[in-house]
Structure formats: structure tokens, C-alpha cells
Amino acid sequence: MASRSSSSTAAGGSDSPQKPTKTKRTRRKRRKARAVGDMSRQMGESHRRFLQTMMVSGVIDEQAAKALYQYCCETHRTQYAPDKLEDFIDTINSRLQPMFMQIRKGMSENNGLQYYALVNMAETDITRMSSDYADNELELFRKTLDLIVCSENGKASSTDILNSTDSMTTRKMKKSETEHLLSRLVHDKWLSEKRGEYTLSTRCIIEMEPYIRTMYQDHIKVCHICRNIAFQCQICENPTCGIKIHNPCVARYFKGKSEPRCPSCDDFWPHEIPEVKRPHSQSRR
């Protein structure tokens, strides 16, 4: 066996190292094709229509997801059960697993509503955006992420973002280029903007959470109520406590309480209690 192997290597010359690579590539393609085929066979038309809509939208709120679920079932004459949306999505996710994709659920910091986002699980950092953005654009997004995550209020002003271009290591961007990029990031649902201040969008938080937890361990805040990352939140003023609570979680937790107290230390909660926002069928986040 040893002599046959060595003679084969000698005969193959420089081509022999490439054969395993081509073979592996072919096998990967075949596995992916089988996975797509299995997904096509095992998912119904209603599942495929739901997934196609998610691929176009990227992120939708829970009420829109429920309406879409009902529409897909009724359109394709499949059984519809109002309380089975999660099972319906689990079926899709089980077929998406070989593709390293997933429909994931998360809360909007803006209005406290639940959203569903189609996320890429193959990449765990900003490189997932490399097919849509140039290197200097990705660098500026990282700098924007730094500003938002490390801020006290989970926001970054347009002025601070523009100033951050001075320290770029890739090709520096003009003011007009930076403004155009920020508009694109908002349009693509990575950022949200209000009165010149930028925050992470719901889609970005859902998809980038593993990366943010890894890269910003010393800066991230975790909501005491829901245990998710909190960027826009209220903080207990007791220096020995200092818990953080999402603004929407604050609204729900203290609703109807005449004298709000910290759920951890029982000190008086001095912040203004926001109103609970009601779900609506149309959302821009």
C-alpha cells in the first residue's frame, strides 16, 4: 500500500494536491444540493411562501408574521392554527439549518414589540456584510457600532460618526459618502435614525448579538427583566445596585404601580415611566 501511494504521488506531480480540494468542493455542492432538495420536499408551499417573504423583508413584527402565516396557510389550503406560528417557523428552521440560516425572534428597543428576522449563522461578525459593503464602509460601520455600544444611551450622533472617519485606516470617506452610507445602513435595516441620532436596528441586534456579546463584554448592558442586551435603558440610581432595564420592559413592569420600586434593591425608581406601546399592523423597524 505504501509503495502504491508513493508512486501515485510521483505520477500525479503537481496536480495531485488539487484533487482532494476539488473532491471536497464537489461533495459540499452535492450536500448543499441534497439539503435544498430535502428542504423543498419536506416543506409545504405555505412554508416556502413564508420563507420567500422573509428573504425579501429581512425582518417583520410579530403581528405581521402572524398575518403572513395565516395568509400562507389559507392561500395553499393547509391547516391553520393561530397558536402554532412557532411550530410553523421551527419547521422552516429545521430545513434552513444545513444552509446556516435561521428565522430568529427578538424584541425591538424602540417599541417593545417582538420581531422575526432571517439571520445568517455562518458568519458571526461584520464580515457577513462584506458582499454588500466595501472595506472602508465596513470599517465605518464598526466605528459606529463602537460609538453606540460604548455610549451611555445606546445612541451615536451623526456628528460623532462623521468625526470618526478621521481615524480610519482604510480609504477615508468624504462627508457626502458617509451620509450616503448611513442612509444605506438605515435602508438595509442595520441602523435606525431619529433626529440625527443613530441606534442599532432590531434586525441588527437580533443578528449581531453573538458578535456584540463577544466583542464588547466590558460594555454591554443586560436587561434585568428580559435578560437580553440593552442599549436604550434606564438604570437604578442606587450605587450598590445599578441594574438596567429596557425602556419597553420598564413600561410593562411598572404599569399600574403608583410607587415604582427597583425590582432588585427595592429603592424608589426615579425615572419617568414610558407608556406601553400597543402593537400595530404596519411597522418600519
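If you consider only alpha-carbon coordinates, what radius of gyration and Dmax does segment 78-144 have, in Å?
Using the Cα atoms of segment 78-144, the pair Rg, Dmax is 15.9, 49 Å.
Over its Cα atoms, what ratio of radius of gyration to 2.2 N^0.38 Å does segment 185-243 give? Don't skip to the answer; put the middle values down first.
On the way: Rg = 13.2 Å, N = 59, 2.2 N^0.38 = 10.4 Å.
Relative to the rule-of-thumb radius for its length, segment 185-243 sits at 1.28.
Where the only charges are on Cβ atoms (+1 Lys, Arg; -1 Asp, Glu), what is the dipole of segment 121-202 about its Cα centre, to the nearest 20 debye? Write out the running numbers ahead of the final one.
Working: 12 positive and 15 negative charges, 42 e Å.
Taking the Cα centre of segment 121-202 as origin, the dipole is about 200 debye.
Given a 1.4 Å probe and every protein chain left where it sits, what share in percent of the accessible area of segment 155-211 is carbon and sulfur?
Percent of accessible area from carbon and sulfur atoms in segment 155-211: 47.
Report the per residue volume, in Å³, of the convex hull enclosing the C-alpha atoms of segment 121-183.
101 Å³
Once the whole set of protein chains is in place, how much accessible area is left on residue 158, using a 1.4 Å probe, in Å² to the nearest 10?
Here the accessible area works out near 40 Å².
Write down the accessible area per residue of segment 139-261 in Å², having rolled a 1.4 Å probe over the full set of protein chains. Working shown, then result.
Working: 6400 Å² over 123 residues.
Averaged over the residues of segment 139-261, the accessible area is 52 Å².
Rounded to the nearest whole Å³, what is the per residue volume of the convex hull around the Cα atoms of segment 116-234?
With only Cα atoms used, segment 116-234 gives 116 Å³ per residue.
Once you've got the Cα coordinates, tell me which of 84/244; 189/257; 221/255; 105/221; 189/221; 194/255 are over 28 Å apart.
Working: 84/244 33 Å; 189/257 35 Å; 221/255 23 Å; 105/221 19 Å; 189/221 22 Å; 194/255 26 Å.
Result: 84/244; 189/257 exceed 28 Å.
So for segment 187-285, considering every pair of alpha-carbon atoms, how many percent are separated by more than 19 Å?
On the way: 2486 of 4851 pairs.
Percent of Cα pairs beyond 19 Å in segment 187-285: 51.
The values are calculated or read from the model by the stated rules, or taken from the named source; none is laboratory data. The structure displayed is predicted, hence computed values, not measured ones. Glycine gets a Cβ as well: all are built from the backbone with ideal geometry, and neighbour counts include every protein chain shown. These area figures cover heavy atoms from the full protein model, side chains too; ligands, DNA and RNA do not enter into them. Shrake-Rupley method; radii C 1.70, N 1.55, O 1.52, S 1.80 Å.
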